[in-house]
Amino acid sequence: MPPTPEDALSLFDVAGDAPALLRPAPRSSDRLQPTFLAVFRELKPRTPLPPMEIAFYPFAHLNHTIRLRQGRVLVRLSDLLQSAPEPVMEALAQILLRKLYRHPIPEVYNARYRRFIGQRAIVAKVQLIRQIRGRKPQAVARGRHFDLEALFEDLNQRFFQGWMARPNLGWAAAVARRNLGHYDPAHNTILISRVFDTAALPRFVLEYVLYHEMLHLRFPVTQRGSRRCVHSAEFRREERRFPRWAEAEAALKRL
């Protein structure tokens with residue numbers, strides 16, 4: 001099935017020296033200096049402590065970035081974590097610094113961080129922030145060969161008895177062959193790759209991709225311990241209700 005972006009509640013950006021980005025000034029957080037310096041000392045005990053700048057930044061997503069620039073470690077953390085408990089910030093420091101210096105990340109830190117951001121209150125806050133700060137996709141449903149709104153209504157009647165409310169529908173800007181479809185719950189939008197807007201591919205393959213994204217409306221992402229469950233067993237059972245799902249899967253693999 002087309003890979004669904006884990007629209008990820010968390011994105012870690014790690015880079016070496018790079019030009020400064022034009023962004024609003026972040027809010028500094030001196031309280032995290034001891035935590036990050038302690039993790040650095042654990043990872044590189046023989047290396048002198050570098051200057052560190054750690055700040056909370058109003059990202060549109062639950063993002064965090066870390067840069068090594070002219071010997072200084074620059075850390076930007078989502079301001080959604082300003083009130084996170086110390087063990088969570090310690091786990092985040094471990095994750096970011098280990099990524100920067102290419103050390104393996106023990107699962108205990110990943111699990112601790114995922115458990116925290118998987119809480120219902122945090123997930124709701126992330127979606128609200130994305131609605132407020134994020135750029136809303138300009139969805140255009142009518143393509144050169146297919147109209148996504150017409151396809152949605154047909155699938156809605158066939159599989160959902162017409163009860164599903166129609167989200168924003170649109171063709172993605174790029175002709176992607178990996179990110180074939182995506183449901184964005186923050187903006188209630190389904191985007192489909194333009195690779196399917198062609199007469200060269202059978203209609204049922206596009207219908208299957210759209211049907212898969214419609215199932216994400218019916219079965220939202222859930223949290224099981226420290227893991228996010230994107231495709232539950234019930235989701236997969238419903239997915240196989242599509243009459244030609246095996247043929248569609250094979251066609252997608254050929255893409």
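Can you tell which of R166, R102 is without any contact (Cβ under 8 Å) to a residue 24 or more places away in the chain, part of a loop (DSSP other than H, G, I, E, B) and either in contact with a Pro (Cβ under 6 Å, 6 or more places away or on another chain) or under 29 Å from L191 (Cβ atoms) (or both)? Step by step, each of R166, R102 is checked, and only R166 is without any contact (Cβ under 8 Å) to a residue 24 or more places away in the chain, part of a loop (DSSP other than H, G, I, E, B) and either in contact with a Pro (Cβ under 6 Å, 6 or more places away or on another chain) or under 29 Å from L191 (Cβ atoms) (or both). Of everything listed in (1) part of a helix (DSSP H, G or I); (2) touching a Lys or Arg at 6+ places or on another chain (Cβ under 9 Å), the single unmet condition for L206 is (2). Contact annotation: residue pairs with Cβ atoms under 9 Å, 6 or more positions apart or on different chains, pairing a residue in region 240-251 that is in a loop (DSSP other than H, G, I, E, B) with a partner that is β-branched (V, I, T), are R244/V205. Within region 241-255, the only residue that satisfies the criterion of being surrounded by fewer than 12 Cβ atoms within 10 Å (Cβ to Cβ) and under 11 Å from L215 (Cβ atoms) is R241. For the criterion of being assigned by TED's automatic domain parsing to the domain that holds R241, aliphatic (A, V, I, L, M), without any contact (Cβ under 8 Å) to a residue 60 or more places away in the chain and touching a Pro at 6+ places or on another chain (Cβ under 9 Å), A172 passes. Restricting R218, R194 to those that are closer than 30 Å to F116 by Cα and among the basic types (K, R) reduces the list to R218. Here L37 meets each of (1) over 25 Å from N179 (Cβ atoms); (2) at pLDDT below 90 with one exception, condition (2).
Counting only strands (runs of 3 or more DSSP E) that sit wholly inside region 30-99, not one has at least 2 residues that are at positive phi and crowded, with 16+ Cβ neighbours inside 10 Å.
The values are calculated or read from the model by the stated rules, or taken from the named source; none is laboratory data. Nothing here was measured: the structure is a model prediction, and the numbers come from that model. Every residue, glycine as well, gets a Cβ built from its backbone with ideal geometry; the counts of neighbours run over all protein chains shown.
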